[in-house]
Amino acid sequence: MLTYTPQSERPIASSKEQDKPWLLVLLCLFWVLPGLMGHDPWKPEENEAAALIVDILRSNHWVLPHLADRPYFDTAPLYFWVAAVFANALTWFGVAVHDAARLSTGLWVGAALWGVGLAGRELFGHRYGRLAVVILLGALGLIVWGHHISPAILTLTASAWMVYALALSRRLPLRAGLILGLAYLILLLGATWADALLALLASVSLMFYKAWRKSAYGITLTTALIISLPLAALWGYALHTESSVLFHTWWRNFAWGAYGGASSVATFGDFSFLPQTLPWFTWPVLPLTVWSVWINRDSFRADPRWHLLCTLAGAHLLFVICAGHPTEANVLPLLLVMSVIAVAGVDDLRRGAASALNSFAILTFGLAAILIWSGWLVLLIGQPADLLARLHRYSTAPMQIAPVGLLFALAATVLWGSVLLRRRALGRKALTNWTCGISLILCLFIGLFQNWIDAGKSYRPVADAVQALNVKFQPHCLDATQIPSAPLGALAYFGTYSISTQDVNSCSMAIRPADVTPPVRWTLLAQVQRLGESKEQFNIYLK
């Protein structure tokens, strides 16, 4: 019979099981590293971000980077500053700009994992910090954003250190204030004012609880504001000094991120977004969070830890619900807080639920690993023909053996098998096996298929064709009106020519989507598309 044993009645795990932090470091490396280097920017958002970083390096637009001739207002530029510094340093060693930018993403992810680990330990004690890291790495929604060239990862990092700072404030208020100020500063310089205001309001709202109305907590908040606000104001001042027109455009239409701007506030934009996104984006964190909330419900009134976590979770949930333009990036801070909440319920999981998750993880990822290895062999040997034809729908590039990738995939497979044999508490074992399974699939896909996938997702062939025609005809600029942002970013990143997206321009060469009818006088020079792409095609014209 499946029975429930209270945590207090369970045997204490041996110290040998408890103290192996290097295993967590190894898991983090196998999760973070795959895909950071060795491939072009991928659709949809990496091309735009890479183009913004290159614009900083080429044109010194440090205050406000540009995508071609369009100023970028969606977020403040901290992510692009750090990525540009990485690129400027690593290009001396032959590292491509987009690879250097992804390495900066890896740095931000590592900082977020460090922060959530400290938060879990500060709130719930020794070994719970490690568990918080494992839970967060197991979330499906983090896979793409944790390996992407995108400023969205900054909200995750800032949220992790904000949770830790608030938890620490009751014990070391001044140190907590320094950390909280840096978290606010990351949001102000790397996200939007809406994200920063949410963090501030959530922090202040804790003072509604008697346990948080202490002078020490006031010291923490005051210190954080003294550190963050003056430094963040410098960027706004620099933008206004550079161009008051751009500053007012940002302030009126973009300053509040998912809520628009000061003169165009947008709320309740999509009620279906959260129900459609939350179940898969936060799996398996969501059911663990619900369980943890349920079994700890009697502690909510008196325990300051739950005041903190419930306030932050409610604030982030309300933020996404009310947003006029919600995106997956807005859910990342909520995912992080849910991961910390879930920590408190893992050791009290019912044996049936833990066994189900454990079995599901082993069977799902084991079968997926077999299918991935089989698909790789099919592409490598070219048989059977029917399976080969199906795989070629995604990319027609030839499959080649990458020695380093193959060794990486083999190592991940062997390590995953060894993890299954380790003994630990069933709830923790299920989560570890789940997260290790996700890391295995990441390692296999990247190790075996990275070059093959890259050939189908990269816009480099489109940009190279435009570059060749630009060299041949020497136009003053390229008319890229009506081109979506992803291919536009690729043209700006890979090309060295001037691009105009204005309806009225003097460019003698133009590129348009193939389904757009050009003026009669234009001469078609070429039709280009990504390798294996049949739907998204572009025509290059001479005006």
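Based on the mean of other beta carbon atoms within 10 Å per residue, what is the order of 205-213, 448-456, 348-356, most packed first?
Ranked by mean Cβ neighbours within 10 Å, highest first: 448-456, 348-356, 205-213.
At q = 0.20 Å⁻¹, what log₁₀ I(q)/I(0) does a Debye calculation on the Cα points of region 361-487 give, no solvent, two decimals?
One equal scatterer on each Cα of region 361-487 leads to -1.09.
Over the chain, give the accessible area per residue in Å² for a 1.4 Å probe, as an integer.
45
State, as an integer percentage, the relative contact order of the chain based on alpha-carbon contacts under 8 Å between residues 6 or more apart.
Reported relative contact order: 17 percent.
In deg cm²/dmol, rounded to 500, what helix-only [θ] at 222 nm does the chain give when every DSSP H run of at least 4 residues adds -39500 (n - 2.57) and the total is split over its residues?
That comes out to -20500 deg cm²/dmol.
Taking every pair of alpha-carbon atoms in region 478-535, what share in percent sits in each 5 Å bin, from 0 to the bin with the longest distance?
Final binned percentages: 4, 15, 28, 29, 17, 6, 1.
Over the alpha carbons of region 162-294, what is the largest minus smallest coordinate on each principal axis, giving the biggest first in Å?
Projected onto its principal axes, the Cα set of region 162-294 covers 51, 41, 23 Å.
Once the other residues with Cβ under 12 Å from the Cβ of Leu67 are scored (Lys, Arg +1; Asp, Glu -1), what is the net sum?
-4
Antiparallel versus total DSSP beta bridges in the chain: what percent is that, nearest 5?
Expressed as a percentage, antiparallel bridges in the chain total about 80.
Any idea what the dipole of region 431-543 comes to, in debye rounded to 20, about its Cα centre with Lys/Arg Cβ at +1 and Asp/Glu Cβ at -1?
Roughly 180 debye, rounded to the nearest 20.
Taking every Cα atom in region 268-343, find the radius of gyration and the maximum pairwise distance Dmax, and write them in Å.
12.7, 36
For a quick size check, give me the Cα extents of region 74-200 along its three principal axes, largest first, whole Å.
Largest to smallest, the principal-axis extents are 46, 29, 25 Å.
Compute the angle between helix 244-253 and the longest alpha-carbon principal axis of the chain, please, reported from 0 to 90 degrees and rounded to the nearest 10.
On a 0 to 90 degree scale, this one is about 50.
Beta carbons within 10 angstrom, averaged per residue: use that to sort the peptides 82-89, 126-133, 97-104, 261-268, highest first.
Sorting 82-89, 126-133, 97-104, 261-268 by mean packing, highest first, produces 97-104, 126-133, 82-89, 261-268.
As an exercise, find the ratio Rg/Rh for region 139-192 from alpha-carbon atoms, using the Kirkwood inverse-distance average for Rh.
Reported Rg/Rh, Kirkwood definition of Rh: 1.07.
Report, in debye and to the nearest 20, how large the dipole of the chain comes out about its Cα centre when Lys and Arg carry +1 and Asp and Glu carry -1 on their Cβ.
Roughly 1520 debye for the chain.
Just checking the chain: which Cys have no other cysteine's beta-carbon under 4.7 Å?
Cys28, Cys310, Cys322, Cys436, Cys443
Would you mind telling me the share, in percent, of accessible area of the chain contributed by carbon and sulfur at probe 1.4 angstrom?
Within the chain, the accessible surface is 65 percent carbon and sulfur.
If r is the Cβ-Cβ distance from Trp62 to Val265 and R0 is 41 Å, what FRET efficiency results, to the nearest 0.05?
The formula returns an efficiency of 0.90 here.
Along the charge dipole of region 321-446, which of His392, Leu332, Ala411 sits closest to the positive end, that is, farthest toward it, with unit charges on the beta carbon of Lys, Arg, Asp and Glu (+1, +1, -1, -1)?
Checking the options against the dipole of region 321-446, the answer is Ala411.
For region 41-128, compute the orientation-averaged projected area of the C-alpha convex hull (one quarter of its surface), in nm².
Mean orientational projected area (region 41-128, Cα hull): 7.6 nm².
Treating region 250-382 as a set of equal point scatterers at the Cα positions, no solvent, please give the Debye-formula log₁₀ I(q)/I(0) at q = 0.09, 0.16, 0.18 Å⁻¹.
With no solvent term, the Cα-only Debye profile gives -0.43, -0.92, -1.02.
Can you give the extra length, in nm with one decimal, that the chain gains between Lys472 and Leu542 once fully stretched, where that is 0.36 nm per residue apart less the Cα-Cα distance?
24.1 nm
Determine the gain in length on full extension of the stretch Val25-Leu407; use 0.36 nm per residue of separation and subtract their C-alpha separation, reporting nm with one decimal.
The span from Val25 to Leu407 would gain 135.6 nm if fully extended.
Work out, step by step, the length gained on full extension between Ile370 and Asn253: first 0.36 nm times the residue separation, then minus their alpha carbon distance; give nm to one decimal.
37.2 nm
Can you match Cα extents along the principal axes in Å to one of these, (1) 70, 68, 42; (2) 82, 62, 45; (3) 78, 62, 39, based on a calculation from the structure here?
(2)
Compute the projected area of the convex hull of the Cα atoms of region 410-543, averaged over all viewing directions, and report it in nm² to one decimal place.
Reported value for the Cα convex hull: 11.5 nm².
Using the beta-carbon distance between Ala514 and His392 and R0 = 25 Å, what value does 1/(1 + (r/R0)^6) give for FRET efficiency, to the nearest 0.05?
0.70
Just the ratio, please: alpha-carbon radius of gyration of region 418-496 over 2.2 N^0.38 Å, N its number of residues.
1.92
Could you check the simple spin-label distance between Arg213 and Ala302, using points 7 Å along Cα→Cβ, in nm with one decimal?
About 2.0 nm separates the two model spin labels.
The values are calculated or read from the model by the stated rules, or taken from the named source; none is laboratory data. Not measured: the values here are computed from a predicted model. No Cβ is skipped: glycine too gets one built from the backbone with ideal geometry, and neighbour counts run over all protein chains shown. Remember, those area values only see protein heavy atoms, side chains included, never the ligands or the DNA or RNA. Shrake-Rupley method; radii C 1.70, N 1.55, O 1.52, S 1.80 Å.
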